[in-house]
Ligand SMILES: [Zn+2]
């Protein structure tokens, strides 16, 4: 990767918070749909604020029309991961969005699973994500779909979308069902809403928190995360670009780490944000003074908190 120092590039890494739909690079859209102008992707990726980001993500979902489209973007994402020595990936498929678009989720999942099995050099597992602001019923549909594929690459169930308009307590039953079916569970929380959203995610049993950056506002919550060993899936550039934090300097990653909360570094939506995981490690070193030893430990966390057995070979 251009511009990335060999240490970050060569470090054996795992990516645990990575959305397939947000991994599409801007210029790929016109390859997928020749009716789109070459610059359309780049224009669409210029959004402002968190709502603008959600609209951008929705635009991506709407452009993915066929199972072949999903297979194509999965293969391309896995190429990018291999270039950065990412050995293990849990990729989130917005299954809730596939159902919302009335697409054939069976065919889409078979396509992405097939594309990931074709790359045995990266151990890939799938997290199926429901759109929390749509409420618990569509989420249960996603959980049922995942429960039937525990033996076929689905490792976890989660919720994403607008945490303000879809509080975690709506999903207690869905999480109970998912766990009972052998799925692991995580949840986006504490990204745009305060600590109470993280507490609510913990109450329904979330084993990892997507973002969770606003936990920094509540010392009791920091203690809880530390004692229960619940990691935060930190995505620094994502938080800056969606406006979840005011500025790069205001990002609490260093404070969270110093408070003893387990953290993992991730890209979230590498195509939309124009980032790589190696680049995020480099950013952590440059802007937040993480040492090489600390970054090795954070990289190891990616394997340690994986939902499936993974080894940092
Ligand atoms: Zn995310």
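Derivation of every value follows stated rules applied to the coordinates shown; laboratory data play no part. As the structure is a prediction and not an experimental result, all values here were calculated from the model. Here the Cβ positions follow ideal geometry from the backbone for every residue, glycine too, while neighbour counts run over all protein chains shown.
On full extension, the segment bounded by residue 121 and residue 250 gains 42.7 nm, given 0.36 nm per residue less the C-alpha separation. At full extension, residue 226 and residue 82 could sit 48.7 nm farther apart than now, given 0.36 nm per residue minus the alpha carbon distance. Taking label points 7 Å from Cα along the Cα-to-Cβ direction, residue 150 and residue 196 give a separation of 3.4 nm. Per residue of the chain, the DSSP helices (runs of n ≥ 4 H) give a summed -39500 (n - 2.57) that works out to -13500 deg cm²/dmol at 222 nm. Backbone N atoms of the range 160-186 closer than 13 Å to the 7 Å Cα→Cβ label point of residue 203 belong to residues 167-173. The ranking of 24, 193 from fewest to most other beta carbons within 10 Å of each one's beta carbon is 193, 24. Is the C-alpha gyration tensor of the chain telling us rounded, prolate or oblate? Criteria: a/c under 1.5 is rounded; beyond that, a/b larger than b/c is prolate, otherwise oblate. In terms of gyration-tensor shape, rounded.
Going from the fewest other Cβ atoms within 10 Å to the most, the residues 108, 61 appear in the order 61, 108. Between residue 217 and residue 7, the contour length at 0.36 nm per residue exceeds the alpha carbon distance by 72.3 nm. Comparing 156, 130, 38 in a Gaussian network model of the chain where C-alpha atoms under 10 Å apart are linked, the largest mean-square fluctuation is found at 38. Quick one: check the C-alpha center-to-center distance for the range 235-313 versus the range 115-158, whole angstrom. Using only Cα atoms to place each centre, the spacing works out to 23 Å.
Centroid-to-centroid, using Cα positions, the range 169-208 and the range 9-71 are 26 Å apart. Taking only C-alpha pairs under 8 Å that are 6+ residues apart, what is the relative contact order of the range 257-303 in percent? It comes to 43 percent, rounded to a whole number.
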